[in-house]
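Heads up, the thing below is written out as structure tokens.
Nothing in this text is a laboratory measurement; each read-out follows from the coordinates by a stated rule. Since the model is a prediction, treat every value here as computed from it, not as a measurement. FYI the Cβ positions are ideal-geometry reconstructions off the backbone, even for glycines, and counts take in every protein chain you see.
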């Protein structure tokens, strides 16, 4: 359970840490996050040397490798601006695990400083930007899957739905067992493919049964998993990162 | 009746993948667990609704941590107070020694029949098999344990041992093994079991039980139960042997109410169990019932090793409520037997590697999506996901080497892969070239990538990476 | 070295060094502040939710209520103590009735099969009740041994309304349990039950199928 976080006033500038999955597979989501922030009059700095937060190696037990990857990110945010991460999973890694990964090393203070400035995108939009949204889209019914990292590691079960609630034409339905994991879990999906498949199968069935033709999520791992399952079955249920959804409907 | 066994079916953690495959393909198992776990999660949510749960969990964690901080002193105090109360105390370094001690006590009374209350520690040390080898019959009296024993199985859940079986299957087992008429009437089956077991309670020479909390301050053994078999086991036979892990001790009597409140609510969503049975000695000269002799067997079996390490220590806070398995999306789908260990689910995956070694249990720490549901509901706030990661770290040889079998999963191929990842992710220019190239080559990339694409479509790298899109965006070029 | 010495030595010579014991704040399990009426109401609601039956009566006429309960349940043979006022009053009130009184203050070896097979109900006093969980607390005595609240198919427990306290923690603290524990201390919350057959509740698996709590009031008796 994440500790209660005190939110700063709206800053002039922020850093965007795009995450490796967005960089390679869902770059539009990263760009849309940037557009949402810029529309609020916030200058977005995208450090060009960013790569990956190191989480895949970390959860696999390869902490030496994870630490080096993380260390390569630590120096990218020299000014005291907030660091916005459009992923609960990577945000959770940076906020919760960086301090412990560097504990006792020369970079510990820097790791703590970075961790303290990390905000998940929807968290920042709700609690710092108090984001106003004017819905220009057609009316539709959607579901949201909040990632386990956002929900539990970062304590952000409500920020995604809070943003969607501001879209007047959108009805958000809750699928059965909404808080249950979709089965992605990074390398879990590869190491235990059958169990993971059973989990994502149940998740897609629940979303469909809720009557949603579309689902949004704030994590691209879950998106890749759930949308990949829908596509594999030839089902007409579309998945989208919440940043893209919000931008698309309000621009 | 797939779950009704004709012969002993043994499960092993080495075969996790095969066992998971079998369980996933068994609709009966899937359905039994899904419904049971949904019910348990709902009940737990309801029963905590009017509590300041976080404060209570904080207190629970704090009480357990305090007990562990003083563990050696408390064990000595427990021993002294138990002895002063007339309870004989024995110490066992491992399961075999504990079995030997219990066997010897039984033999000293010429015992032929042992009746058992529910005890996971006795499962951990395979007590029943040991006693049977010595010609002593050990009969389980908790209804779930009894059914599982009739079916020559092991428990699939630490609180609800027969949760993998449905009513029809249980009816078939009772019919085959005890001649009970086939029925779907649960009351009828319960009454039949009551009748069958009452004779056995009267005939038993020794009762063996577990312990939920052992109170150092007063030399008191606490047992939590609903059925009354625990009270029977600890009251009817002339000799009572309680067996427990050394970590179950708490400092004071006042530590018990908060832990009991957390245990019953977390386990089964009950405000309280039917019985809370606190035993502080054998029958006194003027008393008319209760055992003439009470023994306490304190079992280490790997616990003192776990105790050495500041991080792993948290494992020993566990009060065995089973909430972690009830809320685990993996356990819910594969069931308890798939793990092949005495303790299944998340707690088993962080505990069993210490008892069996990582070689035997190498698939358990990875059998989790790290979704955090277990840690979220743990009544004593064990950071189970962090401990799973720690064991993964030990498996690949990057831990402190404090777990038997550390390094067993280290392979040159995997190390090379992660070194490659590290190199790429620490060389930003190369990273950018790689993501750009992946986008250009997307048509050439395989649409089938191992197990992922057996169930899902393959993700396609975008034509332009976020790095590239941001550059265009900055130049004010047309986007997407 | 004995196992005892080995274990204690390993724990004492802990490789990561000695641990610091935290201090506990027990506020969350005490200080409910319920009044007498609320305690009774909560007790009844909670024990009722797990199939405990509650009958209210006055201190003066409780044995009439007992007789009614025995008649309603068809109890022919009742096991009970002798010295405790509850047992003594019950004995004198039931002396001329149709219920056979079975002495519970005998060594169990003398009457085990009788107790298991031909006693319809056991009557016991209680030391108090717990409002928060709907529990009774009993310290069995030579007069009222452990098994009479367990073996017969019906357990009838007599509880004074003013002995109900808020929480288990309050009971342990207020009555200084740690100063001297009996051989056996019990909390009882409803009749014996199990959900081991497909989560379906069934009562009376090993212990009583029914628990009747006769709550005695000195003031007004709630409707």
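Sorted largest first, the spans of the alpha carbon positions of the range B:382-454 along the three principal axes are 47, 33, 28 Å. Our analysis of the range B:429-474 gives Rg over Rh at 1.08, with the two radii drawn from alpha carbon positions and Rh computed by the Kirkwood formula. Annotation: the range B:128-213 has a Kirkwood hydrodynamic radius of 13.8 angstrom, from the mean reciprocal C-alpha pair distance.
In percent, how large is the relative contact order of the range B:67-304, given Cα pairs closer than 8 Å and 6 or more residues apart? That works out to 28 percent.
Scaled against 2.2 N^0.38 Å for its residue count N, the alpha carbon radius of gyration of chain B is 1.12. Over chain A, all Cα pairs binned in 10 Å intervals from 0 give whole-percent P(r) values of 7, 32, 37, 19, 4, 0, listed from short to long.
Using the Cβ-Cβ distance between residue B:185 and residue C:2 with R0 set to 60 Å, the FRET efficiency works out to roughly 0.70. Mean partner shielding of peptide B:327-335, defined as the number of other chain Cβ atoms within 10 Å of each residue Cβ, is 5.
Computed over the range B:304-352, the percent of Cα pairs more than 11 Å apart is 68. Taking each DSSP H run with n ≥ 4 as -39500 (n - 2.57) and averaging over every residue of the protein assembly as shown yields -12500 deg cm²/dmol at 222 nm. A Förster distance of 56 Å, applied to the separation of the beta-carbon atoms of residue B:286 and residue A:213, puts the FRET efficiency at 0.15.
Mean silhouette area of the range C:65-147, derived from the convex hull of its C-alpha atoms and averaged over all directions, reads 6.0 nm². The alpha-carbon atoms of the protein assembly as shown define a convex hull whose volume equals 175 cubic angstrom per residue.
Return one number: the angle in degrees, 0 to 90 and rounded to the nearest 10, between the long axis of the Cα atoms of helix B:256-268 and the longest principal axis of the Cα atoms of chain B. Compared with the principal axis, the helix lies near 60 degrees. The order of B:256, A:190, going from fewest to most other C-beta atoms within 10 Å of their C-beta, is A:190, B:256. Rg and Dmax of the range B:65-135, based on Cα coordinates, read 14.4, 42 Å.
Spin-label model, residue B:15/residue C:107: points 7 Å from Cα along the beta carbon direction are separated by 5.2 nm. Taking every Cα-Cα distance in chain C and sorting them into 5 Å bins from zero, the calculated P(r) comes out as 1, 6, 13, 16, 17, 14, 10, 7, 5, 4, 3, 2, 1, 0, 0 percent. Mean partner shielding of peptide B:429-436, defined as the number of other chain Cβ atoms within 10 Å of each residue Cβ, is 3.
Normalised by residue number, the volume inside the convex hull of the Cα atoms of the range B:67-304 is 127 Å³ per residue.
Debye-formula intensities of the range A:160-228, expressed as log10 I(q)/I(0) at q = 0.11, 0.17, 0.28 Å⁻¹, are -0.28, -0.63, -1.34 (one equal scatterer per alpha-carbon, no solvent).
Using a Gaussian network model of chain C in which every pair of alpha carbons under 10 angstrom is joined by a spring, one finds that among C:112, C:179, C:83 the greatest mean-square fluctuation is at C:179.
GNM remark for chain A: springs join alpha carbons under 10 Å apart, and the peak mean-square fluctuation among A:90, A:222, A:20 falls on A:20.
Among the residues of B:171-184, the average count of other protein chain beta-carbon atoms within 10 Å of the residue beta-carbon is 0.
When each of B:241, B:87, A:45 is scored by the number of other beta-carbon atoms lying within 10 Å, the sequence from fewest to most is A:45, B:87, B:241.
If the Kirkwood radius is taken over C-alpha pairs of the range A:30-72, then at 20 °C and 1.002 mPa s the Stokes-Einstein diffusion coefficient equals 176 µm²/s.
Compute the acute angle (0 to 90°) between the alpha-carbon long axis of helix B:167-178 and the principal axis of greatest extent of the alpha-carbon atoms of chain B; round to the nearest 10°. The helix B:167-178 is inclined about 40 degrees to chain B. Considering only A:147, A:89, A:179, give the residue with the highest GNM mean-square fluctuation for chain A, with springs between Cα atoms whenever their separation is below 10 Å. Judging by the Gaussian network model, the answer is A:179.
On a per residue basis, the convex hull of the C-alpha atoms belonging to the range A:13-127 measures out at 93 Å³. In summary, the convex hull built on the alpha carbon positions of the range A:125-169 has an orientation-averaged projected area of 3.4 nm².
Set against the 2.2 N^0.38 Å expectation for a compact globular protein, the range B:285-408 has a Cα radius of gyration ratio of 1.22.
Going 7 Å from the Cα of residue C:117 along its beta-carbon direction, which residues of the range B:179-197 have the amide nitrogen within less than 19 Å of the resulting point? Answer for the range B:179-197: B:191-197.
Applying the Kirkwood pairwise sum to the alpha-carbon positions of the range C:106-199 produces a hydrodynamic radius of 14.7 angstrom. Note on the range B:1-117: the C-alpha convex hull projects to 13.3 nm² when averaged across all orientations.
Computed from Cα positions, the angle between helix C:3-12 and the longest principal axis of chain C comes to roughly 60 degrees.
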